[in-house]
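Remarks on the structure that follows.
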Amino acid sequence: RRPRVWVSQPLFDDVVEQLGQHVDLDMTGEVTRYTPQQLAERLAEVDGALITLNERIGAAEIANAPQLRAIANVGVGYNNLDVEALSAAGILASNTPDVLTETTADLGFALLMATARRITEAERWLRDGQWGQWSFQTLLGADIHGSTLGILGMGRIGQGIARRGALGFGMRVLYHNRSRLPDATEAEVGAQYVDLDTLLAQADHLVLVLPYSASSHHIIDAGALAKMKPTATLVNIARGGIVDEVALADALANGRLAAAGLDVFEGEPTVRPELLALNNIVLTPHIGSASQATRRAMVQLAVDNLTAALGLGPNAGHPPSAINADAVAAAKAS
Ligand code: GLV
Ligand code: GLV
């Protein structure tokens, strides 16, 4: 029997269809939002699934999926997956790191610049016909070059942002991370390790690039915001839940933080009215990895992961970017 694979959303058909050499494909023609029940029904019928971060998969969704062996997440962050539940069920999960690093670092930097220099606010002002009221002090923002860039979360994307800041804009780059980078890497990306309070206190611009988990939930809360400079810019390209959005909206509305740029939100695709009401905020709809070339590369990597996880193709049994290979092996051995 050929394995059966479910593809949760329209991705790039020509890339996904490579899977058709090995498996029967159950493609989705239209963008779809699934209930947990619908996810469970789809997963019940297949050996593997290619999914996006909008599909949340945990114990309940896989409870009736005895044949399911592989889930390929088209995205680097995988807080939509309950990895422990998947491992216990012997399901090999994978994500798409590396291929999106530079594209996402580009977006982080674009959002930082748009936020600090008030680009979208300036465009609204122009389109509203306000240019006639121009004064010498209209739309003044904060400098990027020569300022202090803080990076919270120093994975590959954080390092890409550090390089851009240090090498391209002459910034002093500080970072905080659960583990410190090797000295040679710190030197190469031009960043200096500091504790979280120092990072908050010294950053002129703070970019959040850490994975979302119970320990990073609301790490930027009212207390953390109070430690930042009132002139600072905050940019979040990681996951919405890292920031307490109510506290952020309050700080932005009351002059305790100059501006924020958000690509991710706690209630995606819903954005809080308190955020929408603010002028000193740049909002983008989770487009960090959204370049033509990178979105294709992500699907290609997910296809390669899924093929290998199903024991097929040249890397059979060894997906290039598995998340839980050791845990699955241990679950199978026990
Ligand atoms: C997008 O946020 C991703 O994790 O790839
Ligand atoms: C996370 O995997 C990152 O690339 O920052």
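Search the range 205-218 for residues being within 16 Å of ligand 1 (Cβ to nearest atom) and part of a loop (DSSP other than H, G, I, E, B), and hand back the single one that is nearest to Asp263 (Cα to Cα).
Looking at the filtered set, the residue picked out is Val209.
Please work out which one of (1) touching a residue at least 12 places away in the same chain (Cβ under 8 Å); (2) closer than 25 Å to Ala258 by Cβ; (3) buried (at least 16 other Cβ atoms within 10 Å of the Cβ) is the condition Ala110 fails and give its number.
Of everything listed in (1) touching a residue at least 12 places away in the same chain (Cβ under 8 Å); (2) closer than 25 Å to Ala258 by Cβ; (3) buried (at least 16 other Cβ atoms within 10 Å of the Cβ), Ala110 misses just condition (1).
So, Val264, is that one surrounded by 14 or more Cβ atoms within 10 Å (Cβ to Cβ), away from ligand 1 (no atom under 13 Å from the Cβ), of a type in the set (Val, Ile, Thr) and modelled with pLDDT of 95 or more or not?
Values: surrounded by 14 or more Cβ atoms within 10 Å (Cβ to Cβ): yes; away from ligand 1 (no atom under 13 Å from the Cβ): no; of a type in the set (Val, Ile, Thr): yes; modelled with pLDDT of 95 or more: yes.
No.
Filter the range 110-169 down to the residues that are within 16 Å of ligand 2 (Cβ to nearest atom) and charged (D, E, K, R) and list them by number.
If the condition is that a residue be within 16 Å of ligand 2 (Cβ to nearest atom) and charged (D, E, K, R), then Arg156, Arg163, Arg164 are the ones that fit.
How many residues are among the polar types (S, T, N, Q) and over 24 Å from Ala60 (Cβ atoms) when one looks only at the range 10-35?
2
In the range 219-231, which residue that is assigned to a loop (DSSP other than H, G, I, E, B) and under 28 Å from Val76 (Cα atoms) is farthest from ligand 1 (Cβ to nearest atom)?
Per the criteria, the residue is Asp221.
Return the residues of the range 10-42 that are closer than 16 Å to Leu301 by Cβ and polar (S, T, N, Q); say none if nothing qualifies.
Gln18
When Arg296 is evaluated against the numbered criteria (1) more than 12 Å from ligand 1 (Cβ to nearest atom); (2) loosely packed, with under 15 Cβ neighbours inside 10 Å, which criterion, by number, is the only one it fails?
(2)
Does Asp143 fit the bill of being surrounded by fewer than 16 Cβ atoms within 10 Å (Cβ to Cβ) and within 16 Å of ligand 1 (Cβ to nearest atom)?
The answer is no for Asp143.
Would you confirm whether any residue within the range 271-283 is within 16 Å of ligand 1 (Cβ to nearest atom) and under 24 Å from Thr96 (Cβ atoms)?
no
I need the helices (runs of 4 or more DSSP H) fully contained in the range 127-204, keeping only those with at least 2 residues that are among the aliphatic types (A, V, I, L, M) and in contact (Cβ under 8 Å) with a residue 40 or more places away in the chain. Working first, answer last.
Working: elements: 156-163, 183-189, 196-202.
Here the list reads 156-163, 196-202.
Evaluate the following for Thr104: is it assigned to a loop (DSSP other than H, G, I, E, B) and either over 30 Å from His145 (Cα atoms) or near ligand 1 (Cβ under 9 Å from one of its atoms) (or both)?
For Thr104, the condition - assigned to a loop (DSSP other than H, G, I, E, B) and either over 30 Å from His145 (Cα atoms) or near ligand 1 (Cβ under 9 Å from one of its atoms) (or both) - is not met.
The values are calculated or read from the model by the stated rules, or taken from the named source; none is laboratory data. Keep in mind that what you see is a predicted model, and the values were worked out from it rather than measured. Please note: Cβ atoms are built from the backbone with ideal geometry, for glycine as well, and neighbour counts cover all protein chains shown.
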